[in-house]
Amino acid sequence: QTLSGDGQLLLVSGEPGIGKTRLLREMTTHVDVTGGLTLVGESHFGGSAPYDAFTQIVHKGLEHASSNDIEISEFILADLLTLVPEFHTKYPDIPTNPPLDPESEHRRLMENLAVFIGTLAEQTSLLLAIDDAHWADSGTLAMLQHLVRRCNKKRVMILITYREVELDEALPFHETILALGREASPFRIKLSRFTEKQTHHLLETIFAEEITPEFLSAIYRETEGNPFFIE
């Protein structure tokens with residue numbers, strides 16, 4: 001659906017250690033080897049810097065644009081450089097955009113980011129992902145909602161991983177997930193713990209040998225099927 005120009009929103013949830021980041025890694029590998037572009041940002045426990053996940057995304061996006069001679073207007077670049085000031089050395093002659101009140105500048109930044117992502121998606125299919133989004137700051141979450149609205153008719157899949165156990169109703173992310181569910185008809189994958197049979201298969205893969213029933217039973221009882229703890 002994404003490749004045909006029908007932008008998608010994919011929400012991947014589950015408890016810690018269940019495989020959300022691993023699934024994201026496998027998807028980014030698939031996109032990369034099939035000729036698409038992956039832009040991944042990660043939020044961090046304890047509070048990220050403002051727009052932290054999108055700073056990572058813009059950094060990789062500008063590297064891709066620069067190495068592939070994708071033309072980005074000075075007006076858009078000026079705002080992107082506020083997120084990644086280290087790129088001033090590559091674009092030393094870009095003038096700053098006219099100052100506005102903080103709310104207007106925030107809206108302009110979000111729109112210029114959406115135009116930038118759309119420009120990249122015109123060149124190749126795009127996977128844009130935010131890992132551990134439950135820890136994202138409010139600015140990142142506002143950008144995320146704006147991009148979801150603006151990329152619904154582009155070759156862009158937006159993938160968000162998050163811990164359901166972190167969905168405290170007081171956190172901004174809780175409201176964001178509710179809003180995305182109302183606005184975007186996301187596709188949801190809730191990862192669950194392994195069954196004993198799946199645990200057996202994983203252990204056989206790890207050790208490349210036959211697994212005894214006693215060993216399997218002990219591991220499954222101790223880990224309750226969480227793949228991180230199994231490994």
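What the table shows:
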read-out	value
Residue that is surrounded by the fewest Cβ atoms within 10 Å (Cβ to Cβ) [pool: residues in the range 114-137 that are farther than 18 Å from L178 by Cα and of a type in the set (G, A, S)]	G118
Where S67 falls short, out of the listed (1) of a type in the set (S, T, N, Q); (2) touching a residue at least 12 places away in the same chain (Cβ under 8 Å); (3) closer than 28 Å to T2 by Cβ	(2)
Leading residue by the ranking (most open to solvent (accessible area, probe 1.4 Å)) among those in the range 48-78 that are more than 13 Å from T119 (Cα to Cα) and assigned to a loop (DSSP other than H, G, I, E, B)	P50
Total residues in the range 29-47, condition in a helix (DSSP H, G or I) and either surrounded by fewer than 18 Cβ atoms within 10 Å (Cβ to Cβ) or charged (D, E, K, R) (or both)	4
Any hit, the range 182-191, residues being more than 31 Å from the chain's Cα centre (by Cα), in a helix (DSSP H, G or I) and loosely packed, with under 13 Cβ neighbours inside 10 Å	no
Matching residues in the range 79-97 - criterion: being within 24 Å of the chain's Cα centre (by Cα) and assigned to a loop (DSSP other than H, G, I, E, B)	V84
Matching entry among T82, T140 (being surrounded by 14 or more Cβ atoms within 10 Å (Cβ to Cβ), among the hydroxyl-bearing types (S, T, Y) and under 30 Å from E15 (Cβ atoms))	T140
Cβ-Cβ under 9 Å pairs, at least 6 apart or on other chains, the range 29-53 side closer than 16 Å to N68 by Cβ, far side in a helix (DSSP H, G or I) and among the hydroxyl-bearing types (S, T, Y)	T38/T28; T38/T29
Candidate set: the range 192-231, residues that are of a type in the set (S, T, Y) and assigned to a helix (DSSP H, G or I); chosen: the one surrounded by the most Cβ atoms within 10 Å (Cβ to Cβ)	T199
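The values are calculated or read from the model by the stated rules, or taken from the named source; none is laboratory data. Just so we're clear, the structure is a prediction, and the values are computed from it rather than from any experiment. Every residue, glycine as well, gets a Cβ built from its backbone with ideal geometry; the counts of neighbours run over all protein chains shown. We work out accessible area using only protein heavy atoms, side chains counted, and drop any ligands, DNA or RNA first. Shrake-Rupley method; radii C 1.70, N 1.55, O 1.52, S 1.80 Å.
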